[in-house]
Structures are given as C-alpha cells and as structure tokens.
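Participant: Just passing along the structure, written as structure tokens.
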Amino acid sequence: MAMLEFQDVEVFYGKVQALRGISLNVDEGEIVALLGNNGAGKTTTLSTASALVRLHSGSVRFAGKDISKAHPWNVVDAGLIHVPEGRRIFSTLSVLENLQLGGYLVKDRATVAKRIERVYELLPLLAERRTQQGGTLSGGEQQMLAIGRGLVAGPKMLMLDEPSMGLAPLIVAQVMRVISEIRDQGTAVLLVEQNARAALKVTDRAYVIDNGATTIEGRASDLLTDSRIVDAYLGNG
Amino acid sequence: MSENVDTTLAPKKIRPPSGRVSRLFESKWLGWVALAIAVAAPFVNATPYALNIMTTAAIFVLLASGLNIVVGYCGLLDLGYIAFMAVGAYTSGIVAKAFDLPLLFTIPVVLVMTVLAGLIIGAPTLRLRSDYLAIVTLGFGEITRITANNLAITGGPSGIFGIPGILKIGDFDFQQPAVFYYVTILVVAGFVLAAARLGKSRLGRAWRFVREDEDAAEAMGIHTYKVKLLAYTFGAIWGGFGGVLFAGHLSAVAPTSFVFLQSALVLMAVVLGGMGNMRGVVIGALVISLLPELLRDLAEYRYLAFGVLLIVVMLFRPQGFWPARGYEPERKPAEEREAVAVAGEQR
C-alpha cells in the first residue's frame, strides 16, 4: 500500500514554477531516494508533502488521506515527519529539549519519554550528550539529533532532506546505517540526496527529478548501473 | 540552526549552578524573599514620596514581565508595548468616570479591550518577521498615542482627570497610598508568577522553539502563528492591567505618559535583566525604574549617569544581568519515570 503518493504535483513560487509535475509513491517499509541536481525541486517536493508550501495543482496523499490542503501540524499529526535540510536543530537548547520538541504534538508525556528512550537506544551518543547544548555537537551528531527529533514524533514515514550534507564520508556511512535501521523498525523513509552513490546503497528504489519533474524511476540496484544516472550523477570514478 | 548564536561560548555540559551566588539566584525561595522585601519596605520608609516611587516601580515590573512574554519568551521584538498600557489605562479611566464605578469593576472591560487590541494588531502583523514586526509595532505605539491625543472621548492632549479610586468599602478607601501600594504589590506578584509559570508550560516551550527557529518549529507541527498570537495577547493583557494600576495610581491619564521612550524603557528593562528569565527581568525593571530616583542627587546629570551605567552593564553583561539559560532542568514526574521503567522491563 502506498504510504505517500504524489500525482502530477505543480508548485509555484510567485511566478516561478518550481515543480512541473511530480509523480511518485513510497510504500510501507520502503526507503526511496529522490535524486537530482541543485534546484531540481527535491526540497520543494518535501516541503509540499509537509504542507510548508502550497501546491498549485495535482494531489498529495498520505496513508490514504488527501493532504494537499492540510496544514503543517495536521501532517505532523498524521505521522509524516520532515527533517529539514541543514539539520535546523536548536543550538541553544539541550539535546533532551530538542528531542522533546519532536513530541510536541503528542499529548501523553509518558509516550514521549518512552520514545526518547528508544531514540537513545538507537543513537547512544545522544544519550551521552543529553544535557549538552545542541550547538556544541559535531555536524554528524547534529544530524543524528535532527533525525532523533523526528523519531520522537512517532512517524509512520520520515522525510530526510540531505542528511549527508557537509559530513565526512565515514559519518555519511553511519547516517545511512541509521536510516536503514529506522526502516527495519517499520518506518518508511523518503531520502533526498545529492550524494547519489551513498543514497542508492541503502535505498530500495529511487526517483530522479530534473527541472521540477520526475524523469527516471527504478530499483536502486538497477540505477547504480544505469548509464544515464552514472553519467549525470555518479561519474565514472 | 540559527547563525547568530555564538555556540563557542556555550557550556559543554549544563550543570546545576556551582557558585554560591548563582545557587542563591536559582533558589525557589527567591521570589518569596523579594515579595517579603516589597511588603516590608513601607515599614522602613513610608513617606508619600517613597510610596509613590515604589508603586511606580511595581507597575513597571508588571509591564516588563508582560513584555518579557512577547520579546523574551517568543522573540517578537515589540517597540510599541506601552500602547497596551495606554489601552488599559484609558479604558478603565473612561468607563470608571462615565459610570462612576470603582476602577476594580472596569477590569472585565479592560480585559476585553486589551485582548481585542492584541488581536487586532497581532493578527495582521505577526505574519511579518523580525525587523518588519518591530517597525509595525513602533508605528502602532505612536498611532495609539496620537489617536488618544486627538479624540474627544480620551480628553485630547489634557487627558482624563479625577478617575475614581480602585475601591471603597464603607469608610475604608483602598486609594490611600499605603493600601494602594499593597494592592499593587499583590496584583504584580500574581502576574509575575503567572508569567513565570507560562514560560515553563507547554505553550512556553513552544514559544522558545519559535524564538530559536520558526521554520523548524513549524516543520515539527507547531502552529507558529497561533502560538505567536497567544504570546502577543498575553503581553497585551499584562500591559492592560499595568494601565489599570497606572490610572488608579495617578487618578489621571494623559497621552504624554505613553511616548515611545516609555516603550523603550520597558524593553530596556527586559534586555538589561536577561531576556526570557522572569527573575532577571524583575531585577532589570527595578533597576530601570529606581536608578533615576537614586541618582537624583546628581540633579540634571542624573540621566547622563543613568545612560553611562546602562552602557557599562551591557559591556560587561551583554546577555543581561541574569540571562535565561536555554534549558529547563530535567524534570521527571512520577508517571514518566514509571513509563521509562516499564519500557526498560519490556526490553
């Protein structure tokens, strides 16, 4: 069953058309990568799903419901969590507080506490640093914190925007490992990446976005050897 | 992540305060001690002059605690805050005079009017961000004062005189300076406590998230517009009650009391005390309101000395006397601890 489904979605920023027809779907328990160059519309696609940006035409459905006209808090409440680009953690607040924000819409405090414990299990380094201010963490740790914050919201599906940005290759591998663990625990993941090689290693399927439209779709293993992808995004290295 | 925060200075670990002074400041008894001092003060010096200064200072503390909700908690720069005090003062003054009521009974009307004022100004402007919001609130502050200056119902430039006292039961008049002082202290203490509690509530946490990073807060499901409007409305209510006390204290209201300088002074109290920390803000408000009086011996140089002192404070304590630390201590109510224990057993 499709968790998230885009159908011919078009988005405008003022007069500029950012999305010219995005169609994609992410199934339950799947990791799907969204690849593409700068300005192709990857981030806009995620922002449209989380209702931070209004769509002009087409439709977005999540877990069987139309969320084209929803508000950001409805989307979060429904279980679709967006981990924005550049991590956007709260640098002056402690790690614990950052995680608590993830549970903001969860009324039951015991559930939030339980989920925070689960995040600490998945990401033990956060447990070590729970009282430390977010801004004093390293880039990789901040990314883990941003993912952890998303998990505390109890997502059915997580959307990650460029989690590898500005991280050393070793750390990127760690982040990718965490992402597959999250999937193994039953959360679907939509992963936006410029680092196509790292992304395709952990994903099941991938879409390529070019100039605001989905152009190529396929299994990750096929795409890794697809000449169009290799030439445009992977290089022959 | 906000770029304007220098995290290199941030402590690696957040520990309970170690120094004796900071422990004293963190003590939960501090508020009671401050209240005790305020209650005892008239027994030390009860001249009309001293009571006047102390009442004015207490009202100023109320205003600063209200602005702290808007600026300190939620990070919305409001340069026209005094306008809400004007709305409160004029509303209670006009209603009390028109119906010959004690000021106490005008409070429901004042509440309605200030909430309305907060919503009317907040609803369109809170879609704006930072600098734009500051400019619009600055404009609103001036519009309010100039409107009051030109309307007949507000008495024009000379304002409203002979406002009835707050309450009179038989022969006992609450308007006597000492009694009015105690009423003021009681009201202000209640509002300061309420503001501090608000800061620690779920809503207070949402305010802090919005202050730190509005976009990230929205992505995590906080209705940022609603949350900001609530901060603004609470600020308006605090300001309105400051206005009622102000009208009662002076028994007269005039537009000159609500000039931009007043907004700036309240903002200064918040910044000087430490934005977001209610205890710091109370101290800041006391310094701002009492220091010019203590410097009275310097005659016409006193505002010069006042200005120099403020600059010195900002040089040595740029975050204010007592900045808010960006965290609330790890609190675990009983049911949470149990839940964690249960989760641990299930593993």
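Participant: Give, as residue ranges, the strands (runs of 3 or more DSSP E) completely inside the stretch A:180-221 that count at least 3 residues that are within 30 Å of A:Ser57 (Cβ to Cβ) and of a type outside the set (A, V, I, L, M, F, W, C).
Facilitator: Values: elements: A:188-193, A:205-210, A:213-219.
Answer list for the stretch A:180-221: A:205-210, A:213-219.
Participant: Something else about it: Before we move on, is B:Gly248 assigned to a helix (DSSP H, G or I) and not β-branched (Val, Ile, Thr)?
Facilitator: Considered against the rule, which asks whether it is assigned to a helix (DSSP H, G or I) and not β-branched (Val, Ile, Thr), B:Gly248 comes out as yes.
Participant: Now a separate question. Out of A:Met176, A:Met159, report the one residue that is outside any strand (DSSP E or B) and either touching a Lys or Arg at 6+ places or on another chain (Cβ under 9 Å) or within 12 Å of chain B (Cβ to nearest Cβ) (or both). Give the derivation first.
Facilitator: On the way: A:Met159 fails: outside any strand (DSSP E or B).
Going through A:Met176, A:Met159 in turn, the sole match is A:Met176.
Participant: In the stretch A:98-121, which residue that is at the interface with another protein chain (Cβ under 7 Å from one of its Cβ atoms) and of a type in the set (A, V, I, L, M, F, W, C) is nearest to B:His223 (Cα to Cα)?
Facilitator: Across the stretch A:98-121, the extreme among qualifying residues is A:Leu105.
Participant: So which residues in the stretch A:23-39 are crowded, with 23+ Cβ neighbours inside 10 Å and either part of a loop (DSSP other than H, G, I, E, B) or touching a Pro at 6+ places or on another chain (Cβ under 7 Å) (or both)?
Facilitator: Residue satisfying the conditions is A:Gly36 alone.
Participant: Would the stretch B:258-275 turn up any residue that is within 12 Å of the chain's Cα centre (by Cα), in contact (Cβ under 8 Å) with a residue 24 or more places away in the chain and within 14 Å of another protein chain (Cβ to nearest Cβ)?
Facilitator: Looking for residues that are within 12 Å of the chain's Cα centre (by Cα), in contact (Cβ under 8 Å) with a residue 24 or more places away in the chain and within 14 Å of another protein chain (Cβ to nearest Cβ), one finds at least one in the stretch B:258-275, hence yes.
Participant: Return the total of residues in the stretch B:211-223 being open to solvent by 10 Å² or more (accessible area, probe 1.4 Å) and either part of a helix (DSSP H, G or I) or touching a residue at least 24 places away in the same chain (Cβ under 8 Å) (or both). Steps first, answer last, please.
Facilitator: Initial filter on the stretch B:211-223 (open to solvent by 10 Å² or more (accessible area, probe 1.4 Å)): B:211-215, B:218, B:223.
From the residues that got through so far, the ones that are either part of a helix (DSSP H, G or I) or touching a residue at least 24 places away in the same chain (Cβ under 8 Å) (or both) too are B:211-215, B:218.
Summing the residues that are open to solvent by 10 Å² or more (accessible area, probe 1.4 Å) and either part of a helix (DSSP H, G or I) or touching a residue at least 24 places away in the same chain (Cβ under 8 Å) (or both) in the stretch B:211-223 gives 6.
Participant: I would also like to ask the following. Six or more apart or on different chains, Cβ atoms under 6 Å: show the pairs whose first residue is in the stretch A:82-97 and more than 7 Å from chain B (Cβ to nearest Cβ) and over 18 Å from A:Thr48 (Cα atoms) and whose second is modelled with pLDDT of 85 or more and part of a loop (DSSP other than H, G, I, E, B).
Facilitator: A:Val95/A:Arg129; A:Val95/A:Arg130; A:Val95/A:Gln132
Participant: A:Arg149: in contact with a Ser or Thr (Cβ under 8 Å, 6 or more places away or on another chain) and either open to solvent by 10 Å² or more (accessible area, probe 1.4 Å) or within 11 Å of chain B (Cβ to nearest Cβ) (or both), yes or no?
Facilitator: Details: in contact with a Ser or Thr (Cβ under 8 Å, 6 or more places away or on another chain): no; either open to solvent by 10 Å² or more (accessible area, probe 1.4 Å) or within 11 Å of chain B (Cβ to nearest Cβ) (or both): yes.
The answer is no for A:Arg149.
Participant: Out of all the residues in the stretch A:203-237, which are open to solvent by less than 80 Å² (accessible area, probe 1.4 Å) and under 14 Å from A:Ile31 (Cα atoms)?
Facilitator: Within the stretch A:203-237, A:Thr203, A:Asp204, A:Arg205, A:Ala206, A:Tyr207, A:Gly218, A:Ala220, A:Ser221 meet the criteria.
Participant: Does B:Gly141 satisfy the condition of being open to solvent by less than 30 Å² (accessible area, probe 1.4 Å), closer than 21 Å to B:Ala254 by Cβ and part of a helix (DSSP H, G or I)?
Facilitator: On the way: open to solvent by less than 30 Å² (accessible area, probe 1.4 Å): yes; closer than 21 Å to B:Ala254 by Cβ: yes; part of a helix (DSSP H, G or I): yes.
Yes.
Participant: Hey, can you tell me all the residues within the stretch B:161-189 that are modelled with pLDDT of 90 or more, open to solvent by less than 40 Å² (accessible area, probe 1.4 Å) and more than 18 Å from B:Pro48 (Cβ to Cβ)?
Facilitator: The answer is B:Val188, B:Ala189.
Participant: In addition: Tally time: how many residues in the stretch A:66-82 are closer than 22 Å to A:Gly21 by Cβ, out of contact with any strand residue (DSSP E or B) (no Cβ under 7 Å at 6 or more places or on another chain) and open to solvent by 20 Å² or more (accessible area, probe 1.4 Å)?
Facilitator: Within the stretch A:66-82, residues that are closer than 22 Å to A:Gly21 by Cβ, out of contact with any strand residue (DSSP E or B) (no Cβ under 7 Å at 6 or more places or on another chain) and open to solvent by 20 Å² or more (accessible area, probe 1.4 Å) number 1.
The values are calculated or read from the model by the stated rules, or taken from the named source; none is laboratory data. Nothing here was measured: the structure is a model prediction, and the numbers come from that model. Cβ atoms come from the backbone with ideal geometry, glycine included; neighbour counts cover every protein chain shown. Accessible surface is based on the protein model in full, side chains and every heavy atom, while ligands, DNA and RNA are left aside. Shrake-Rupley method; radii C 1.70, N 1.55, O 1.52, S 1.80 Å.
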